[in-house]
Amino acid sequence: MPDRPEIIKPIVPTDFDVVEKPLGAWHRIWNIGAVRKTALLIALALLWEAYARWLNNPLLFPTFVDTVKAFFADIASGELPKAASYTIQLLIKGYLAGLLIAALLTAFASVTRIGADLLETLTSMFNPLPSIALLPLALIWFGLGDGSIIFVLIQAVVWTVALNTYSGFRAVSPTLRMVGQNYGLSKVGYITRILIPGAFPSILTGLKIGWAFAWRTLIAAELVFGVSSGSGGLGWYIFEQKNQLLIPNVFAGLLTVILFGLAVETFIFRTIENHTIRRWGMQS
Amino acid sequence: MLAVRGVTLQYRTRQSNQDHLVTATYRVSFNVLESDRFVVLGPSGCGKSTLLKAVGGYISPVEGDIILDGSNVKSPGPDRVFVFQEFDQLLPWKTVKENIVFALTAGRKLPRRQAEERAMLNIEKDKLSEFANSYPHTLSGGMKQRAAIARALAMEPRILLMDEPFASLDALTRAQMQEELLQLCQDTNFTVLFVTHSISEAIRIGSRILLLSAHPGQVKAELNGSESDEARLRGLLFDA
(Lines give C-alpha, C1' and ligand atoms only; values in the text may rest on other atoms or scores of the structure.)
Protein backbone atom coordinates (compact mmCIF):
# COMPACT_ATOMS: atom_id res chain seq x y z
CA MET A 1 0.00 0.00 0.00
CA PRO A 2 1.42 3.40 -0.92
CA ASP A 3 1.55 5.99 1.82
CA ARG A 4 -1.40 8.36 1.24
CA PRO A 5 -1.69 11.76 2.93
CA GLU A 6 -4.98 12.56 4.67
CA ILE A 7 -7.08 15.28 3.13
CA ILE A 8 -9.22 17.75 5.05
CA LYS A 9 -11.00 20.45 3.08
CA PRO A 10 -13.00 23.50 4.09
CA ILE A 11 -16.46 23.73 2.48
CA VAL A 12 -16.60 26.79 0.20
CA PRO A 13 -19.85 28.36 -0.97
CA THR A 14 -20.74 26.98 -4.39
CA ASP A 15 -20.75 29.29 -7.37
CA PHE A 16 -23.64 27.89 -9.34
CA ASP A 17 -26.64 30.13 -8.96
CA VAL A 18 -29.22 27.49 -9.89
CA VAL A 19 -29.65 24.34 -7.89
CA GLU A 20 -33.31 23.79 -8.70
CA LYS A 21 -34.49 24.98 -12.12
CA PRO A 22 -38.17 25.65 -12.75
CA LEU A 23 -39.68 23.62 -15.60
CA GLY A 24 -40.43 25.30 -18.91
CA ALA A 25 -43.87 26.82 -19.51
CA TRP A 26 -45.02 23.98 -21.81
CA HIS A 27 -43.99 21.36 -19.24
CA ARG A 28 -45.78 23.18 -16.48
CA ILE A 29 -49.03 23.38 -18.46
CA TRP A 30 -48.79 19.72 -19.48
CA ASN A 31 -48.32 18.80 -15.82
CA ILE A 32 -51.84 20.02 -14.98
CA GLY A 33 -54.10 16.98 -15.11
CA ALA A 34 -57.12 19.01 -16.23
CA VAL A 35 -55.25 20.29 -19.27
CA ARG A 36 -54.21 16.80 -20.36
CA LYS A 37 -57.73 15.47 -19.87
CA THR A 38 -59.34 18.36 -21.74
CA ALA A 39 -57.00 17.70 -24.65
CA LEU A 40 -58.10 14.06 -24.64
CA LEU A 41 -61.78 15.05 -24.57
CA ILE A 42 -61.32 17.43 -27.51
CA ALA A 43 -59.57 14.67 -29.46
CA LEU A 44 -62.44 12.27 -28.73
CA ALA A 45 -65.03 14.85 -29.81
CA LEU A 46 -63.16 15.41 -33.07
CA LEU A 47 -63.04 11.67 -33.68
CA TRP A 48 -66.78 11.42 -33.02
CA GLU A 49 -67.55 14.25 -35.41
CA ALA A 50 -65.35 12.76 -38.12
CA TYR A 51 -66.85 9.28 -37.82
CA ALA A 52 -70.45 10.59 -37.77
CA ARG A 53 -69.85 12.67 -40.89
CA TRP A 54 -68.27 9.76 -42.66
CA LEU A 55 -71.17 7.46 -41.68
CA ASN A 56 -73.69 10.11 -42.65
CA ASN A 57 -76.64 8.42 -40.91
CA PRO A 58 -78.11 10.73 -38.24
CA LEU A 59 -80.59 8.04 -37.15
CA LEU A 60 -77.80 5.68 -36.13
CA PHE A 61 -75.09 8.04 -35.07
CA PRO A 62 -75.66 11.82 -35.03
CA THR A 63 -72.73 14.19 -35.26
CA PHE A 64 -71.16 15.81 -32.23
CA VAL A 65 -72.38 19.22 -33.36
CA ASP A 66 -76.00 18.02 -33.67
CA THR A 67 -75.81 16.43 -30.24
CA VAL A 68 -74.50 19.63 -28.67
CA LYS A 69 -77.22 21.59 -30.44
CA ALA A 70 -79.91 19.24 -29.12
CA PHE A 71 -78.31 19.41 -25.69
CA PHE A 72 -78.47 23.19 -25.51
CA ALA A 73 -81.92 23.33 -27.08
CA ASP A 74 -83.32 21.00 -24.42
CA ILE A 75 -81.54 22.89 -21.68
CA ALA A 76 -83.10 26.10 -22.96
CA SER A 77 -86.55 24.50 -23.12
CA GLY A 78 -86.11 23.33 -19.53
CA GLU A 79 -86.78 19.71 -20.37
CA LEU A 80 -83.29 18.38 -19.61
CA PRO A 81 -82.75 20.37 -16.38
CA LYS A 82 -86.11 19.16 -15.09
CA ALA A 83 -85.31 15.54 -15.85
CA ALA A 84 -81.80 15.86 -14.44
CA SER A 85 -82.87 17.54 -11.21
CA TYR A 86 -85.53 14.88 -10.67
CA THR A 87 -82.94 12.14 -11.11
CA ILE A 88 -80.42 13.89 -8.88
CA GLN A 89 -82.81 14.34 -5.98
CA LEU A 90 -83.67 10.64 -6.18
CA LEU A 91 -79.96 9.82 -6.25
CA ILE A 92 -79.26 11.92 -3.18
CA LYS A 93 -82.10 10.31 -1.23
CA GLY A 94 -81.04 6.78 -2.13
CA TYR A 95 -77.32 7.42 -1.61
CA LEU A 96 -77.77 9.01 1.81
CA ALA A 97 -80.13 6.27 2.97
CA GLY A 98 -77.62 3.69 1.72
CA LEU A 99 -74.77 5.39 3.61
CA LEU A 100 -76.80 5.46 6.80
CA ILE A 101 -77.56 1.75 6.61
CA ALA A 102 -73.94 0.97 5.70
CA ALA A 103 -72.76 2.97 8.73
CA LEU A 104 -75.08 1.07 11.06
CA LEU A 105 -74.02 -2.30 9.63
CA THR A 106 -70.33 -1.45 9.89
CA ALA A 107 -70.68 -0.14 13.43
CA PHE A 108 -72.45 -3.36 14.41
CA ALA A 109 -69.77 -5.39 12.66
CA SER A 110 -66.89 -3.62 14.37
CA VAL A 111 -68.38 -3.97 17.84
CA THR A 112 -69.46 -7.61 17.85
CA ARG A 113 -68.18 -10.74 16.20
CA ILE A 114 -71.64 -11.91 15.13
CA GLY A 115 -72.10 -8.51 13.48
CA ALA A 116 -68.89 -9.05 11.53
CA ASP A 117 -70.11 -12.48 10.44
CA LEU A 118 -73.44 -10.99 9.40
CA LEU A 119 -71.77 -8.28 7.34
CA GLU A 120 -69.42 -10.73 5.64
CA THR A 121 -72.24 -13.11 4.78
CA LEU A 122 -74.60 -10.42 3.55
CA THR A 123 -71.96 -8.72 1.40
CA SER A 124 -70.87 -11.96 -0.21
CA MET A 125 -74.53 -12.69 -0.99
CA PHE A 126 -75.71 -9.30 -2.22
CA ASN A 127 -72.61 -7.49 -3.48
CA PRO A 128 -72.36 -9.56 -6.69
CA LEU A 129 -76.12 -9.28 -7.27
CA PRO A 130 -76.88 -6.50 -9.79
CA SER A 131 -79.25 -4.30 -7.87
CA ILE A 132 -81.39 -3.66 -10.95
CA ALA A 133 -82.37 -7.34 -10.69
CA LEU A 134 -84.33 -6.45 -7.58
CA LEU A 135 -86.44 -3.87 -9.41
CA PRO A 136 -89.30 -6.24 -10.33
CA LEU A 137 -89.59 -7.29 -6.69
CA ALA A 138 -89.31 -3.70 -5.52
CA LEU A 139 -92.17 -2.77 -7.86
CA ILE A 140 -94.38 -5.36 -6.22
CA TRP A 141 -93.39 -4.31 -2.70
CA PHE A 142 -93.37 -0.54 -3.06
CA GLY A 143 -95.44 0.06 -6.20
CA LEU A 144 -94.75 2.35 -9.11
CA GLY A 145 -93.01 5.29 -7.50
CA ASP A 146 -89.90 6.72 -5.89
CA GLY A 147 -90.01 4.13 -3.12
CA SER A 148 -89.02 1.22 -5.29
CA ILE A 149 -86.24 3.17 -7.04
CA ILE A 150 -84.81 4.26 -3.68
CA PHE A 151 -84.94 0.66 -2.46
CA VAL A 152 -82.88 -0.46 -5.44
CA LEU A 153 -80.44 2.43 -4.97
CA ILE A 154 -79.88 1.53 -1.33
CA GLN A 155 -79.07 -2.01 -2.33
CA ALA A 156 -76.56 -0.64 -4.86
CA VAL A 157 -74.79 1.53 -2.28
CA VAL A 158 -74.87 -0.37 1.00
CA TRP A 159 -72.69 -3.39 0.29
CA THR A 160 -69.69 -1.75 -1.32
CA VAL A 161 -69.60 1.07 1.21
CA ALA A 162 -69.99 -1.27 4.18
CA LEU A 163 -67.45 -3.74 2.83
CA ASN A 164 -64.83 -1.08 2.11
CA THR A 165 -65.32 0.69 5.42
CA TYR A 166 -65.11 -2.52 7.37
CA SER A 167 -61.99 -3.75 5.61
CA GLY A 168 -60.51 -0.26 6.07
CA PHE A 169 -61.14 -0.48 9.81
CA ARG A 170 -59.41 -3.84 9.93
CA ALA A 171 -56.41 -2.46 8.06
CA VAL A 172 -55.76 0.37 10.55
CA SER A 173 -52.27 -0.37 11.88
CA PRO A 174 -51.94 -1.97 15.32
CA THR A 175 -49.69 0.90 16.39
CA LEU A 176 -52.37 3.50 15.67
CA ARG A 177 -54.92 1.37 17.51
CA MET A 178 -52.67 1.16 20.54
CA VAL A 179 -52.08 4.91 20.43
CA GLY A 180 -55.83 5.44 20.36
CA GLN A 181 -56.39 3.11 23.31
CA ASN A 182 -53.60 4.84 25.20
CA TYR A 183 -55.62 8.08 25.29
CA GLY A 184 -58.47 6.41 27.11
CA LEU A 185 -61.03 7.36 24.44
CA SER A 186 -64.60 6.11 24.72
CA LYS A 187 -65.76 3.44 22.28
CA VAL A 188 -67.54 6.01 20.10
CA GLY A 189 -64.58 8.40 20.31
CA TYR A 190 -62.25 5.59 19.31
CA ILE A 191 -64.32 4.79 16.21
CA THR A 192 -64.89 8.39 15.09
CA ARG A 193 -61.47 9.82 15.92
CA ILE A 194 -59.08 6.94 15.25
CA LEU A 195 -60.71 4.25 13.11
CA ILE A 196 -62.63 6.44 10.64
CA PRO A 197 -59.75 8.78 9.77
CA GLY A 198 -57.32 5.84 9.82
CA ALA A 199 -59.51 3.94 7.37
CA PHE A 200 -60.38 6.99 5.29
CA PRO A 201 -58.60 5.94 2.06
CA SER A 202 -60.68 2.81 1.80
CA ILE A 203 -63.86 4.52 3.03
CA LEU A 204 -63.46 7.03 0.22
CA THR A 205 -62.94 4.24 -2.30
CA GLY A 206 -66.17 2.68 -1.05
CA LEU A 207 -68.03 5.98 -1.38
CA LYS A 208 -66.78 6.41 -4.95
CA ILE A 209 -67.68 2.91 -6.07
CA GLY A 210 -71.01 3.18 -4.26
CA TRP A 211 -71.85 6.41 -6.02
CA ALA A 212 -71.00 4.98 -9.43
CA PHE A 213 -73.15 1.90 -8.78
CA ALA A 214 -76.00 4.10 -7.62
CA TRP A 215 -75.83 6.36 -10.66
CA ARG A 216 -75.83 3.45 -13.10
CA THR A 217 -78.62 1.67 -11.32
CA LEU A 218 -80.72 4.80 -11.17
CA ILE A 219 -80.50 5.54 -14.88
CA ALA A 220 -81.24 1.91 -15.68
CA ALA A 221 -84.22 1.84 -13.33
CA GLU A 222 -85.63 4.99 -14.89
CA LEU A 223 -85.23 3.51 -18.35
CA VAL A 224 -87.33 0.55 -17.34
CA PHE A 225 -90.10 2.60 -15.86
CA GLY A 226 -89.74 6.32 -15.89
CA VAL A 227 -93.03 8.01 -15.33
CA SER A 228 -93.66 7.75 -11.68
CA SER A 229 -95.84 10.39 -10.14
CA GLY A 230 -95.95 12.38 -13.36
CA SER A 231 -92.36 13.51 -13.81
CA GLY A 232 -89.69 11.36 -15.43
CA GLY A 233 -85.96 11.45 -14.86
CA LEU A 234 -83.01 11.30 -17.21
CA GLY A 235 -83.44 7.62 -18.00
CA TRP A 236 -87.04 8.25 -18.98
CA TYR A 237 -85.98 11.24 -21.05
CA ILE A 238 -83.60 9.04 -23.05
CA PHE A 239 -86.26 6.38 -23.52
CA GLU A 240 -88.89 8.86 -24.66
CA GLN A 241 -86.62 10.62 -27.15
CA LYS A 242 -85.74 7.25 -28.66
CA ASN A 243 -89.44 6.47 -29.10
CA GLN A 244 -89.78 9.68 -31.08
CA LEU A 245 -86.61 8.85 -33.03
CA LEU A 246 -84.94 12.05 -31.84
CA ILE A 247 -81.54 10.40 -31.79
CA PRO A 248 -79.47 13.59 -31.21
CA ASN A 249 -81.58 14.13 -28.09
CA VAL A 250 -80.90 10.55 -26.96
CA PHE A 251 -77.22 11.36 -27.28
CA ALA A 252 -77.75 14.62 -25.44
CA GLY A 253 -79.37 12.68 -22.59
CA LEU A 254 -76.44 10.27 -22.47
CA LEU A 255 -74.08 13.25 -22.53
CA THR A 256 -75.85 14.69 -19.50
CA VAL A 257 -75.45 11.40 -17.65
CA ILE A 258 -71.74 11.40 -18.47
CA LEU A 259 -71.23 15.07 -17.63
CA PHE A 260 -72.87 14.69 -14.25
CA GLY A 261 -70.67 11.70 -13.53
CA LEU A 262 -67.54 13.64 -14.48
CA ALA A 263 -68.61 16.60 -12.37
CA VAL A 264 -69.18 14.50 -9.26
CA GLU A 265 -65.86 12.75 -9.74
CA THR A 266 -63.79 15.90 -10.28
CA PHE A 267 -65.53 18.47 -8.13
CA ILE A 268 -66.69 16.42 -5.18
CA PHE A 269 -64.48 13.37 -4.81
CA ARG A 270 -61.29 14.97 -6.08
CA THR A 271 -61.74 17.90 -3.71
CA ILE A 272 -62.32 15.57 -0.76
CA GLU A 273 -59.23 13.58 -1.75
CA ASN A 274 -57.03 16.65 -2.00
CA HIS A 275 -58.11 17.91 1.40
CA THR A 276 -57.78 14.59 3.18
CA ILE A 277 -55.78 11.59 2.13
CA ARG A 278 -53.41 13.42 -0.22
CA ARG A 279 -52.64 16.08 2.35
CA TRP A 280 -52.12 13.41 4.99
CA GLY A 281 -49.73 11.47 2.78
CA MET A 282 -51.96 8.39 2.83
CA GLN A 283 -52.15 8.46 -0.97
CA SER A 284 -49.69 10.03 -3.37
CA MET B 1 -43.71 3.51 42.27
CA LEU B 2 -44.20 0.77 39.65
CA ALA B 3 -43.99 -2.74 41.02
CA VAL B 4 -43.96 -5.80 38.78
CA ARG B 5 -44.41 -8.93 40.89
CA GLY B 6 -43.93 -12.44 39.54
CA VAL B 7 -45.45 -11.64 36.17
CA THR B 8 -45.94 -14.46 33.68
CA LEU B 9 -47.21 -13.45 30.26
CA GLN B 10 -48.60 -15.63 27.53
CA TYR B 11 -49.98 -14.87 24.11
CA ARG B 12 -51.41 -16.85 21.22
CA THR B 13 -49.88 -16.93 17.77
CA ARG B 14 -50.75 -18.85 14.64
CA GLN B 15 -47.95 -20.69 12.96
CA SER B 16 -48.50 -22.97 9.96
CA ASN B 17 -52.22 -22.96 10.74
CA GLN B 18 -51.84 -24.14 14.30
CA ASP B 19 -52.50 -22.10 17.38
CA HIS B 20 -49.52 -21.86 19.64
CA LEU B 21 -49.47 -20.57 23.17
CA VAL B 22 -46.23 -18.71 23.71
CA THR B 23 -44.94 -17.96 27.18
CA ALA B 24 -43.24 -14.60 26.79
CA THR B 25 -41.98 -14.00 30.33
CA TYR B 26 -41.86 -16.24 33.37
CA ARG B 27 -42.24 -14.82 36.90
CA VAL B 28 -40.52 -11.52 36.28
CA SER B 29 -40.26 -9.11 39.21
CA PHE B 30 -38.74 -5.66 39.49
CA ASN B 31 -39.42 -2.26 41.00
CA VAL B 32 -39.17 1.06 39.20
CA LEU B 33 -38.52 4.07 41.43
CA GLU B 34 -39.43 7.71 40.85
CA SER B 35 -37.29 9.33 38.07
CA ASP B 36 -35.59 6.03 37.21
CA ARG B 37 -34.38 5.44 33.69
CA PHE B 38 -35.17 1.75 33.94
CA VAL B 39 -33.93 -0.27 30.98
CA VAL B 40 -35.12 -3.77 30.15
CA LEU B 41 -32.41 -5.46 28.07
CA GLY B 42 -32.56 -8.86 26.46
CA PRO B 43 -32.12 -10.80 23.22
CA SER B 44 -34.88 -10.85 20.60
CA GLY B 45 -37.78 -12.98 21.73
CA CYS B 46 -37.21 -12.62 25.46
CA GLY B 47 -40.65 -11.05 25.87
CA LYS B 48 -39.45 -7.56 26.73
CA SER B 49 -41.91 -5.83 24.39
CA THR B 50 -44.71 -8.05 25.69
CA LEU B 51 -43.72 -7.07 29.22
CA LEU B 52 -43.93 -3.41 28.29
CA LYS B 53 -47.34 -3.93 26.71
CA ALA B 54 -48.49 -5.57 29.93
CA VAL B 55 -47.35 -2.52 31.90
CA GLY B 56 -49.19 -0.41 29.34
CA GLY B 57 -52.31 -2.45 30.08
CA TYR B 58 -52.72 -3.97 26.61
CA ILE B 59 -52.15 -7.53 27.84
CA SER B 60 -53.06 -8.92 31.24
CA PRO B 61 -50.66 -11.28 33.00
CA VAL B 62 -51.66 -14.91 33.56
CA GLU B 63 -49.88 -14.81 36.87
CA GLY B 64 -48.58 -12.01 39.08
CA ASP B 65 -49.45 -8.34 39.45
CA ILE B 66 -48.45 -5.05 37.92
CA ILE B 67 -49.00 -2.26 40.39
CA LEU B 68 -48.68 1.44 39.64
CA ASP B 69 -48.97 3.80 42.61
CA GLY B 70 -50.69 1.15 44.68
CA SER B 71 -53.37 0.14 42.19
CA ASN B 72 -53.47 -2.73 39.74
CA VAL B 73 -52.93 -1.98 36.04
CA LYS B 74 -55.99 -3.24 34.15
CA SER B 75 -56.34 -1.31 30.91
CA PRO B 76 -54.44 1.25 28.83
CA GLY B 77 -54.61 4.76 30.17
CA PRO B 78 -53.05 8.20 29.80
CA ASP B 79 -51.00 7.78 33.00
CA ARG B 80 -48.74 5.35 31.11
CA VAL B 81 -47.89 6.72 27.68
CA PHE B 82 -46.29 4.55 25.03
CA VAL B 83 -43.63 5.56 22.52
CA PHE B 84 -43.32 2.90 19.84
CA GLN B 85 -40.56 1.90 17.48
CA GLU B 86 -42.82 2.29 14.43
CA PHE B 87 -42.85 5.60 12.61
CA ASP B 88 -46.61 5.44 12.05
CA GLN B 89 -47.48 6.20 15.66
CA LEU B 90 -48.33 9.83 14.90
CA LEU B 91 -51.87 10.21 13.58
CA PRO B 92 -51.22 10.95 9.89
CA TRP B 93 -54.33 13.13 9.56
CA LYS B 94 -53.09 15.64 12.12
CA THR B 95 -50.13 18.01 12.11
CA VAL B 96 -47.47 17.66 14.77
CA LYS B 97 -49.13 20.32 16.89
CA GLU B 98 -52.63 18.86 16.42
CA ASN B 99 -51.28 15.44 17.37
CA ILE B 100 -50.13 16.81 20.71
CA VAL B 101 -53.29 18.86 21.25
CA PHE B 102 -55.45 15.83 20.50
CA ALA B 103 -53.47 13.72 22.97
CA LEU B 104 -54.03 16.37 25.62
CA THR B 105 -57.73 17.02 24.99
CA ALA B 106 -58.63 13.35 24.48
CA GLY B 107 -56.26 11.74 26.97
CA ARG B 108 -55.65 14.32 29.66
CA LYS B 109 -59.06 15.97 29.22
CA LEU B 110 -57.56 19.44 29.14
CA PRO B 111 -59.59 22.33 27.71
CA ARG B 112 -58.51 23.20 24.20
CA ARG B 113 -56.76 26.48 24.90
CA GLN B 114 -54.69 25.10 27.69
CA ALA B 115 -53.84 22.08 25.56
CA GLU B 116 -52.64 24.32 22.75
CA GLU B 117 -50.44 26.33 25.07
CA ARG B 118 -48.89 23.25 26.52
CA ALA B 119 -48.40 21.71 23.08
CA MET B 120 -46.49 24.77 21.88
CA LEU B 121 -44.36 24.73 25.02
CA ASN B 122 -43.37 21.11 24.42
CA ILE B 123 -42.79 21.71 20.73
CA GLU B 124 -40.31 24.44 21.59
CA LYS B 125 -38.64 22.36 24.25
CA ASP B 126 -38.18 19.55 21.77
CA LYS B 127 -36.83 21.82 19.03
CA LEU B 128 -39.76 21.06 16.73
CA SER B 129 -40.97 24.63 16.17
CA GLU B 130 -40.35 24.61 12.42
CA PHE B 131 -42.40 21.45 12.04
CA ALA B 132 -45.32 22.34 14.31
CA ASN B 133 -47.72 22.70 11.39
CA SER B 134 -46.29 19.92 9.23
CA TYR B 135 -48.05 16.64 8.60
CA PRO B 136 -46.15 13.57 9.85
CA HIS B 137 -45.51 12.13 6.37
CA THR B 138 -43.33 15.13 5.54
CA LEU B 139 -41.00 14.53 8.50
CA SER B 140 -37.87 12.39 8.63
CA GLY B 141 -37.80 9.32 10.82
CA GLY B 142 -35.88 11.07 13.58
CA MET B 143 -38.28 14.01 13.55
CA LYS B 144 -41.27 11.67 13.79
CA GLN B 145 -39.78 9.97 16.84
CA ARG B 146 -38.97 13.34 18.35
CA ALA B 147 -42.57 14.44 17.82
CA ALA B 148 -43.84 11.21 19.35
CA ILE B 149 -41.65 11.79 22.41
CA ALA B 150 -42.82 15.40 22.65
CA ARG B 151 -46.42 14.21 22.50
CA ALA B 152 -45.83 11.61 25.20
CA LEU B 153 -44.06 14.09 27.49
CA ALA B 154 -46.76 16.73 27.01
CA MET B 155 -49.26 14.26 28.48
CA GLU B 156 -47.15 14.23 31.67
CA PRO B 157 -47.65 10.55 32.36
CA ARG B 158 -46.60 8.92 35.62
CA ILE B 159 -44.32 6.72 33.58
CA LEU B 160 -43.13 6.84 29.98
CA LEU B 161 -43.01 3.45 28.23
CA MET B 162 -40.53 3.34 25.37
CA ASP B 163 -40.42 0.28 23.12
CA GLU B 164 -37.11 0.47 21.22
CA PRO B 165 -37.96 3.99 20.08
CA PHE B 166 -34.65 4.55 18.30
CA ALA B 167 -34.20 1.11 16.74
CA SER B 168 -35.39 2.18 13.28
CA LEU B 169 -33.16 5.24 13.13
CA ASP B 170 -29.75 5.54 11.52
CA ALA B 171 -26.78 5.39 13.87
CA LEU B 172 -26.02 9.14 13.85
CA THR B 173 -29.61 10.17 14.55
CA ARG B 174 -29.90 7.47 17.19
CA ALA B 175 -26.88 8.78 19.10
CA GLN B 176 -28.25 12.30 18.91
CA MET B 177 -31.71 11.23 20.10
CA GLN B 178 -30.24 9.28 23.02
CA GLU B 179 -28.35 12.39 24.06
CA GLU B 180 -31.51 14.51 23.83
CA LEU B 181 -33.53 12.00 25.82
CA LEU B 182 -30.95 12.07 28.61
CA GLN B 183 -31.03 15.85 28.56
CA LEU B 184 -34.84 15.87 28.80
CA CYS B 185 -34.69 13.38 31.66
CA GLN B 186 -32.30 15.62 33.53
CA ASP B 187 -34.42 18.70 32.92
CA THR B 188 -37.82 17.27 33.80
CA ASN B 189 -37.10 14.27 36.03
CA PHE B 190 -39.72 11.96 34.53
CA THR B 191 -39.71 8.19 34.95
CA VAL B 192 -38.94 5.99 31.95
CA LEU B 193 -39.28 2.28 31.34
CA PHE B 194 -37.15 1.66 28.26
CA VAL B 195 -36.95 -1.59 26.30
CA THR B 196 -34.00 -2.31 24.03
CA HIS B 197 -31.90 -5.13 22.63
CA SER B 198 -28.82 -2.95 22.26
CA ILE B 199 -26.27 -3.28 25.06
CA SER B 200 -24.63 0.05 24.29
CA GLU B 201 -28.00 1.82 24.31
CA ALA B 202 -28.84 0.24 27.67
CA ILE B 203 -25.61 1.54 29.15
CA ARG B 204 -26.08 5.02 27.72
CA ILE B 205 -29.67 5.44 28.80
CA GLY B 206 -30.12 3.32 31.89
CA SER B 207 -29.82 4.28 35.53
CA ARG B 208 -30.90 0.73 36.32
CA ILE B 209 -30.70 -2.22 33.92
CA LEU B 210 -32.78 -5.40 34.02
CA LEU B 211 -31.36 -8.33 32.08
CA LEU B 212 -33.78 -10.92 30.72
CA SER B 213 -32.93 -14.37 29.37
CA ALA B 214 -34.45 -15.73 26.17
CA HIS B 215 -37.49 -18.01 25.75
CA PRO B 216 -39.23 -17.36 28.08
CA GLY B 217 -37.84 -14.19 29.59
CA GLN B 218 -36.66 -14.60 33.14
CA VAL B 219 -34.74 -12.08 35.21
CA LYS B 220 -31.01 -12.75 34.99
CA ALA B 221 -29.74 -9.69 36.77
CA GLU B 222 -30.67 -6.20 37.84
CA LEU B 223 -27.76 -3.78 37.77
CA ASN B 224 -26.95 -0.15 38.33
CA GLY B 225 -26.33 1.64 35.07
CA SER B 226 -23.33 3.57 36.36
CA GLU B 227 -21.48 0.39 37.35
CA SER B 228 -22.06 -1.50 34.11
CA ASP B 229 -19.84 -1.77 31.10
CA GLU B 230 -20.37 -3.67 27.87
CA ALA B 231 -18.12 -6.58 28.69
CA ARG B 232 -19.91 -7.25 31.97
CA LEU B 233 -23.38 -7.11 30.40
CA ARG B 234 -22.29 -9.24 27.48
CA GLY B 235 -20.88 -11.81 29.89
CA LEU B 236 -24.08 -11.90 31.93
CA LEU B 237 -26.31 -12.12 28.85
CA PHE B 238 -24.51 -14.76 26.85
CA ASP B 239 -22.76 -17.01 29.40
CA ALA B 240 -25.11 -19.36 31.10
Item to complete: Would you mind finding the one in A:Ile191, A:Ile154, A:Ile203, A:Ile196 that is surrounded by fewer than 19 Cβ atoms within 10 Å (Cβ to Cβ), closer than 30 Å to A:Pro128 by Cβ, more than 11 Å from every other protein chain (Cβ to nearest Cβ) and of a type outside the set (Phe, Trp, Tyr)?
Response: A:Ile191
Fill in: Search result, residues across region B:65-93 that are touching a residue at least 40 places away in the same chain (Cβ under 8 Å) and basic (Lys, Arg)
B:Arg80
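Residue-wise test of (1) more than 13 Å from chain A (Cβ to nearest Cβ); (2) out of contact with any strand residue (DSSP E or B) (no Cβ under 9 Å at 6 or more places or on another chain).
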position	(1), (2)
B:Pro136	no, yes
B:Leu139	no, yes
B:Lys144	no, yes
B:Arg151	no, no
B:Asp163	no, no
B:Ala175	yes, yes
Item to complete: Please verify whether region A:252-275 includes one or more residues that are within 12 Å of chain B (Cβ to nearest Cβ) and out of contact with any strand residue (DSSP E or B) (no Cβ under 9 Å at 6 or more places or on another chain).
Response: yes
Item to complete: Select, from A:Gly210, A:Gly261, A:Gly253, the only residue that is assigned by TED's automatic domain parsing to the domain that holds A:Gly98, of a type outside the set (A, V, I, L, M, F, W, C), under 11 Å from the mean Cα position of the chain (by Cα) and surrounded by 21 or more Cβ atoms within 10 Å (Cβ to Cβ).
Response: A:Gly210
Practice prompt. Within region B:27-48, work out how many residues are out of contact with any helix residue (DSSP H, G or I) (no Cβ under 9 Å at 6 or more places or on another chain) and surrounded by fewer than 20 Cβ atoms within 10 Å (Cβ to Cβ).
Written response: 8
Worksheet item: Quick one: would you say A:Ala162 is modelled with pLDDT of 85 or more, surrounded by 19 or more Cβ atoms within 10 Å (Cβ to Cβ) and touching a helix residue (DSSP H, G or I) at 6+ places or on another chain (Cβ under 9 Å)?
Response: yes
Fill in: Matching helices (runs of 4 or more DSSP H) fully within region A:1-95 where at least 1 residues are of a type in the set (Ser, Thr, Tyr), exposed (fewer than 11 other Cβ atoms within 10 Å of the Cβ) and out of contact with any strand residue (DSSP E or B) (no Cβ under 9 Å at 6 or more places or on another chain)
A:64-77
Discussion item. Just to check your reading of the model, which residue among B:Gly64, B:Gly70, B:Gly42, B:Gly47 is touching a Pro at 6+ places or on another chain (Cβ under 7 Å) and small (Gly, Ala, Ser)?
Written reply: B:Gly47
Practice prompt. Could you list, in sequence order, all residues of region B:40-62 that are in contact with a Phe, Trp or Tyr (Cβ under 9 Å, 6 or more places away or on another chain) and over 22 Å from B:Ala221 (Cβ atoms)?
Written response: B:Lys53, B:Gly56, B:Tyr58, B:Ile59
Discussion item. Among the residues that make up region B:52-65, is at least one of them in the same structural domain as B:Glu222 (by TED's automatic domain parsing) and in contact with a His (Cβ under 6 Å, 6 or more places away or on another chain)?
Written reply: no
Item to complete: Would you mind finding the one in B:Thr50, B:Thr23 that is touching a strand residue (DSSP E or B) at 6+ places or on another chain (Cβ under 7 Å), under 25 Å from B:Leu233 (Cβ atoms), in a strand (DSSP E or B) and of a type in the set (S, T, N, Q)?
Response: B:Thr23
Discussion item. One residue is enough: does region B:151-172 have a residue meeting the conditions crowded, with 19+ Cβ neighbours inside 10 Å, over 24 Å from A:Gly198 (Cα atoms) and of a type in the set (Val, Ile, Thr)?
Written reply: yes
Worksheet item: So how many residues does region B:79-107 have that are over 19 Å from A:Ile277 (Cβ atoms), part of a helix (DSSP H, G or I) and more than 8 Å from chain A (Cβ to nearest Cβ)?
Response: 5
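The values are calculated or read from the model by the stated rules, or taken from the named source; none is laboratory data. Note that the structure is predicted; figures quoted are calculated from it, not measured. Counting neighbours? That spans all protein chains shown, and the Cβs are built from the backbone with ideal geometry, glycine included.
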